[in-house]
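Asks: Handing you a structure now.
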Amino acid sequence: MPEVIRPDGRIEEADWTLVRYPASNDPKPKATGKAGLARNTGEAAAPPELVAALPVPPSGRVIVPLALWQARREELQRRFDAGEVGVWLDACEEVETLVAAVDLAAVPLLALDFPKAGDGRAYSSAALLRRRYGYRGPLWAVGDVLRDYFVFMFRCGFDTLLPRPGRYTHAQLAEAASQLGLFKQPYQGAVDDPRPLFRRVQRAPLHA
Amino acid sequence: MYRYDDYDQAFIDARVAQFRDQTRRYLAGELSEDEFRPLRLQNGIYVERHSPLLRIGIPYGVLASAQLRAIAHVARVYDKGWGHFSTRQNIQLNWLKIADIPDVLAELAKVRLHAIQTSGSCVRAITADHFAGIAPDEEVDPRPFAEILRQWSSLHPEFAHLPRKFKFAVTGAKSDRAAIRVHDVGLAFYKDAAGEVKVRVYVGGGLGRTPTVGVVIADALPWRQLLNYCAAILRVYNRYGRRDNSYKSRIKIMVQSLGAARMRELVEAEWAFDKDGPSTLTEEELARVSLGFAPPPYEKVASENAALARLQVAGEEHPDFARWLNRCVHGHKQRGYRAVTLSLKRRGVGPGDVTADEMDAIAALAERYGFGVLRSTHTQNLVLPDVKLVDLFDLWRELDSLDLATPNTGLLTDLVCCPGGDLCALANARSVPLALAVQEQFADIERVADLGEIDCNISGCINSCSHHHVGHIGILGVDKEGSEQEWYQIALGGEQGFDARLAEIVGRALAAEEIPAALAKVLDLYVEERRPGERFIDTFRRIGIDPFKIRLYGDRARVEKKYA
Ligand code: SF4
């Protein structure tokens, strides 16, 4: 069972199954330039055939891609109503699309994908979901979820982090959990506490 | 200068502890090369041609004597005893070992220095007018705002992994000395008719492969909105900036493809959500931070006349002193004081390079002559910002004995030059030996003084670390496939400042050995053509590039032009 980590450092077994596209769906590097493996925001996460063909486990709690939820809603509606279908958003997909397609009050879980560690779009997506769209339910970070960025993710409003299966041992996760409080008073406001340091504490006056 | 409180200190101490752990995991094989790379970059560490390079931040170019001594100390103990001041107003150590860097950072943290976000795809260390707070033409001291931005952008969780690097530059003066229009965001602070501080926001400037001059997207932003507005820009960029191709991922490409008007709309729409949010700045916070930039205890001087008369006499006796006064001493807000440039552009020394012993000597001079503070400039020099007029002669003697009084500030041989192929892994050419050759060609300081103000910038590759696109004379190392030699392109007519312009390429690349002579030809033409009082750039604007083409490439240029 893959493990997830929570803001207070608890480590739990993941009780949801993430339904992913096959790895071959990764965009191909371009011939020129220093190409990165990334789709730009607004591009489709997967072609429709792939979405149509993607197998979903017949029972249990599943997190399906947004495009799949949009295309195959009827097939999943009953399980959704039973609280067994969550939805995940690719980094190239816009939060606005998610908000239009999913009832935020009813969905039992949302997840945002970090296709690679250096792709920071999901931080903004999380912040928007929490602050602009008022989503209060579980919000998972999935994909390239690396321990050195756990704090950033929690600060942006994620409450559950799912590193790639096998990336960390339980001991390594426990060590990462023990370091979550390293930066006690961050300078800027974020989702976890919107107040910047200068509103959070009384800072001593400075002298020249 | 800004003094850290316990929160600031706890922050950089935690950062050192974090990086120590990351380095340990990297050396133990728990972190792959790919995973470690962004972590080390955001701590200022590049792995270069010979060894790791550490880029130590000097936020907005303000440095204390004690900090410079600490840099000298780590340069001596952990490096080869010297450092390189770069065009980012920071200093680079070039020969470190990865395993030592946590210790180096811990030493630096004791004097409130760090390397956080001096590199990587994040908001980088913020640069500023090096005469901020002292320039006679300044309306608003931008340093408190730069410090507020430094704090806000340090480990900002939402903007930790932007599509690409993101550079801010700030100024509060009537003329721009911080090249704000060639930064991702340039902030010009000013006072409006009612005396309120406002900000003009330029976005989308940058050099490199696609040199671009930034455009205004907000003309009169109230200062309290600074963080809200910058967050809006960054959020738009974080979401929509290209990530598929690193050559196209700077915000300038986004601004170019959307247009300034659309960019402004997007940013305004985003800003609307947070306009009066908790990150809105307060009078109290600005006042608190500003205290850290209060003027030092200047001595009151009734008149400068007597001191000026004495300097005049000294200048007649010592022509070198007169030249130095003329080039390296700058006006000051405070009567009886001047700012002094310490030229790091010396014959036989790489531009911006300083030894540890020199750093110690400079730190001592700063204490004796200037309240223990220094500035670093984006033209790779140092400045003593607060020198008494009556001390100038003594200071000059000391600087002269340290080879720090070359009277060339703002002149041709004040070359801005990146480390290039001697150190940098990306280089096409070794820019430093070329800079030294140019120094030799123009060793006659009287000739250089006669040529007047010229910005000459040499970059070892298209990454343009030396801003060659906005040099009056820009020299760029280019790659010629299959060639053993090093090749350079010359461009003319670039300009920094509020009216920044990009230089035009004169013609085909020339071999490194040909460059000094080619420069001499360009400058001979200028001398022949100039009208009284015209600087090189003025003459260039008047006569255009063609005469320079013909002078450099002969009649072939004319023929090519005719049939082009
Ligand atoms: S301009 Fe090129 S060669 Fe020079 S320091 Fe920058 S990347 Fe290196």
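Asks: Which value, in Å², gives the accessible area per residue of the range A:159-208 when a 1.4 Å probe is used on the protein heavy atoms?
Replies: That works out to 51 Å² for each residue.
Asks: For peptide A:123-132, compute the average count of partner chain beta-carbon atoms within 10 Å of each residue's beta-carbon.
Replies: Average neighbour count from other chains, rounded to a whole number: 4.
Asks: For q values of 0.13, 0.15, 0.17 Å⁻¹, compute log₁₀ I(q)/I(0) with the Debye formula on a Cα-only model of the range B:123-291, without solvent.
Replies: Each listed q maps to, in turn, -0.59, -0.79, -1.03.
Asks: Could you give the dipole magnitude of chain B about its Cα centre, charging the beta-carbon of Lys and Arg +1 and that of Asp and Glu -1, in debye to the nearest 20?
Replies: Once rounded to the nearest 20, the dipole reads 1220 debye.
Asks: Another question, if that's okay. What average count of beta carbons from other chains do you get within 10 Å of the Cβ of residues in B:233-245?
Replies: Whole-number average of other-chain Cβ neighbours for B:233-245 is 6.
Asks: Let me ask something else. Just give the residues from the range A:149-176 buried by at least 20 square angstrom of accessible area in the all-chains context relative to the isolated chain, probe 1.4 Å, and say none if nothing qualifies.
Replies: For the range A:149-176, once contacts with the other chains are taken into account, A:149, A:152, A:156, A:167, A:172, A:175 lose 20 Å² or more.
Asks: At a 1.4 Å probe radius, which order do A:95, B:527 fall into by accessible area, largest first?
Replies: B:527, A:95
Asks: Turning to a different aspect of this structure: Over the range A:1-141, with a single point scatterer placed on each C-alpha, what log10 of the ratio I(q)/I(0) does the Debye formula yield at q = 0.10, 0.13, 0.18, 0.20 1/Å?
Replies: -0.35, -0.59, -1.13, -1.38
Asks: Could you tell me which of the pairs B:174/B:198; B:174/B:248; A:116/B:165; B:191/B:252 are separated by over 23 angstrom between their Cα atoms in the structure shown?
Replies: B:174/B:248; B:191/B:252
Asks: Nearest 500 deg cm²/dmol is fine: what mean residue ellipticity at 222 nm does chain B get from its DSSP H runs of n ≥ 4 alone, each adding -39,500 (n - 2.57), divided by its residue count?
Replies: Only helices count here, giving -11500 deg cm²/dmol.
Asks: Quick one: accessible area per residue over the range B:1-154, 1.4 Å probe, rounded to a whole number of Å²?
Replies: On a per-residue basis, 30 Å².
Asks: Identify the chymotrypsin sites (Phe, Trp or Tyr not before Pro) of the range B:279-380 meeting these criteria: DSSP loop state and at most 16 other C-beta atoms within 10 Å of the C-beta.
Replies: B:298
Asks: What does the charge dipole of the range A:3-181 about its Cα centre add up to, to the nearest 20 debye, if the Cβ of each Lys and Arg holds +1 and the Cβ of each Asp and Glu holds -1?
Replies: The calculation lands at about 360 debye.
Asks: Roughly how many Å² is the accessible area per residue of the range B:425-508, as a whole number, for a 1.4 Å probe?
Replies: Per residue, the range B:425-508 has 41 Å² of solvent-accessible surface.
Asks: Cross-link partners among aspartates and glutamates for residue B:167, C-alpha distance below 18 Å, same-chain residues fewer than 8 apart left out?
Replies: B:129, B:147, B:158, B:176, B:184
Asks: Kindly state, as a whole number, the per residue volume in cubic angstrom of the convex hull around the alpha carbon atoms of the range B:215-263.
Replies: Dividing the Cα hull volume of the range B:215-263 by its residues yields 74 Å³.
Asks: Let me ask something additional. For the range B:133-181, what is the Kirkwood hydrodynamic radius in Å, using each pair of distinct C-alpha atoms?
Replies: After inverting the mean inverse Cα-Cα distance, the result is 12.4 Å.
Asks: Given R₀ = 35 Å, FRET efficiency for residue B:21-residue B:320 by Cβ-Cβ distance, to 0.05?
Replies: Result of the calculation: an efficiency of 0.05.
Asks: Another one. Could you give me the percent of Cα pairs per 10 Å distance bin for the protein assembly as shown, shortest bin first, beginning at zero and ending with the bin that holds the maximum distance?
Replies: 3, 13, 22, 25, 19, 11, 5, 2, 0, 0
Asks: Quick query: amide H of residue A:18 versus all other amide H atoms, modeled in the peptide plane; which residues come in under 5 Å with a sequence gap of 5 or more or a different chain?
Replies: A:63
Asks: Also, quick follow-up: Just counting partner chain Cβ atoms within 10 Å, what average do the residues of peptide B:11-17 show around their Cβ?
Replies: That works out to 3 on average.
Asks: Separate question: Determine the relative contact order of chain A: mean sequence separation of Cα pairs under 8 Å and six or more apart, normalised by residue count, in whole percent.
Replies: Contact order relative to length: 19 percent.
Asks: Arranged from highest to lowest average of other beta-carbon atoms within 10 Å per residue, in what order do the peptides B:241-254, B:443-456 appear?
Replies: B:241-254, B:443-456
Asks: Report Rg (one decimal) and Dmax (nearest whole number) for the range B:400-499, counting Cα atoms only, units Å.
Replies: Taking only Cα atoms of the range B:400-499, I get Rg and Dmax of 14.1, 46 Å.
Asks: Additional query: From the phi angles alone, apply the Karplus equation (6.51, -1.76, 1.60; θ = phi - 60°) to the range B:421-426 and give each ³J(HN,Hα) in whole Hz, x where the residue is Gly or Pro.
Replies: Residue by residue, the range B:421-426 yields x, 5, 10, 8, 6, 8 Hz.
Asks: Given the protein assembly as shown, what percent of its DSSP beta bridges are antiparallel, to the nearest 5?
Replies: Counting DSSP beta bridges with both partners in the protein assembly as shown, the antiparallel share is about 65 percent.
Asks: With a 1.4 Å probe on protein heavy atoms only, tell me which residues of the range B:145-163 lose at least 40 Å² of accessible surface in the complex relative to the chain by itself.
Replies: When all protein chains are present, B:151, B:155, B:157, B:158, B:161 each give up 40 Å² or more of accessible surface.
Asks: What is the distance in Å between the Cα centres of the range B:234-296 and the range B:456-490?
Replies: Here the two parts' Cα centres lie 32 Å apart.
Asks: Next up: Which FRET efficiency value, to the nearest 0.05, is calculated for residue B:51 and residue B:443 with the Förster distance at 25 angstrom and r the Cβ-Cβ distance?
Replies: With a Förster radius of 25 Å, E is 0.15.
Asks: Which whole-number percent gives the relative contact order of chain B, counting Cα pairs below 8 Å spaced six or more residues apart?
Replies: For chain B, the relative contact order is 12 percent.
Asks: Only Lys, Arg, Asp and Glu count, each charged at its Cβ (+1, +1, -1, -1), so figure out the dipole size of the protein assembly as shown about its Cα centre, rounded to 20 debye.
Replies: Its charge dipole is roughly 920 debye.
Asks: Ordered by residue, what ³J(HN,Hα) values in Hz, to whole numbers, does the range B:199-204 give under the Karplus form 6.51 cos²θ - 1.76 cosθ + 1.60, where θ = phi - 60° and Gly and Pro are x?
Replies: Using θ = phi - 60°, the values come out as 10, 9, 10, 9, 9, x Hz.
Asks: State, to one decimal in nm², a quarter of the convex hull surface area for the C-alpha atoms of the range A:70-186, i.e. the direction-averaged projected area.
Replies: 8.1 nm²
Asks: Any chance you could get the radius of gyration and Dmax over the Cα atoms of the range B:10-59, in Å?
Replies: 11.5, 34
Asks: Another question, if that's okay. Which cross-chain or sequence-distant (5 or more) residues have an amide H under 5 Å from the amide H of residue A:145, H modelled 1.01 Å from N in plane?
Replies: Here A:164 satisfy the definition.
Asks: Any idea which of A:117, A:162, A:205 is furthest toward the positive side of the dipole for chain A, if Lys and Arg beta-carbons carry +1 and Asp and Glu beta-carbons -1?
Replies: A:205
Asks: Based on the Cα coordinates of the range B:416-558, what is the per residue volume of their convex hull in Å³?
Replies: Hull volume normalised by residue count: 110 Å³.
Asks: I've got another one for you. Just round it to a whole percent: the fraction of Cα-Cα distances in chain B exceeding 36 Å.
Replies: Pairs farther apart than 36 Å: 34 percent.
Asks: From the convex hull of the Cα coordinates of the range B:271-315, what is the mean projected area in square nanometres?
Replies: Hull-based average projected area comes out at 6.8 nm².
Asks: Let me ask another. Using the Karplus curve 6.51 cos²θ - 1.76 cosθ + 1.60 with θ = phi - 60°, work out ³J(HN,Hα) for each residue of the range B:144-149 in order, rounded to whole Hz, and write x for Gly and Pro.
Replies: 3J(HN,Hα) across the range B:144-149, in whole Hz: x, 5, 5, 5, 4, 5.
Asks: On to the next question. Tell me, for the protein assembly as shown, which Cys residues have no other cysteine's C-beta sitting closer than 4.7 Å.
Replies: That list is A:92, A:156, B:122, B:230, B:328, B:417, B:424, B:456, B:461.
Asks: Only Cα pairs under 8 Å and at least 6 apart count here; give the relative contact order of the range B:416-558 as a rounded whole percent.
Replies: So the answer I get is 18 percent.
Asks: How many angstrom lie between the C-alpha centres of the range B:69-127 and the range B:151-194?
Replies: Here the two parts' Cα centres lie 22 Å apart.
Asks: Roughly speaking, to the nearest percent, how much of the range B:121-256's 1.4 Å accessible area is carbon and sulfur?
Replies: Carbon with sulfur: 49 percent of the solvent-accessible area.
Asks: Each label point is 7 Å from the Cα along the Cα-to-Cβ direction; what then is the distance between the points at residue A:164 and residue B:262, in nm?
Replies: 3.4 nm
Asks: I'm a student and want to see the number: the projected area of the Cα convex hull of the range B:240-367, averaged over all directions, in nm².
Replies: Approximately 15.9 nm², given one-decimal rounding.
Asks: Next question. Give, in whole angstrom and from largest to smallest, the semi-axes √(5λ) of the equivalent ellipsoid of the range B:305-401, with λ running over the eigenvalues of the Cα gyration tensor.
Replies: 22, 16, 12
Asks: Here's a follow-up. Over the range B:78-163, consider all pairs of different Cα atoms and compute the Kirkwood hydrodynamic radius from their mean reciprocal separation; express it in Å, one decimal.
Replies: 15.1 Å
The values are calculated or read from the model by the stated rules, or taken from the named source; none is laboratory data. Only a predicted model underlies this, so the values are computations on that prediction, with no experimental measurement involved. Note: ideal-geometry Cβ built from the backbone for every residue, glycine included; neighbour counts use all protein chains shown. These area figures cover heavy atoms from the full protein model, side chains too; ligands, DNA and RNA do not enter into them. Shrake-Rupley method; radii C 1.70, N 1.55, O 1.52, S 1.80 Å.
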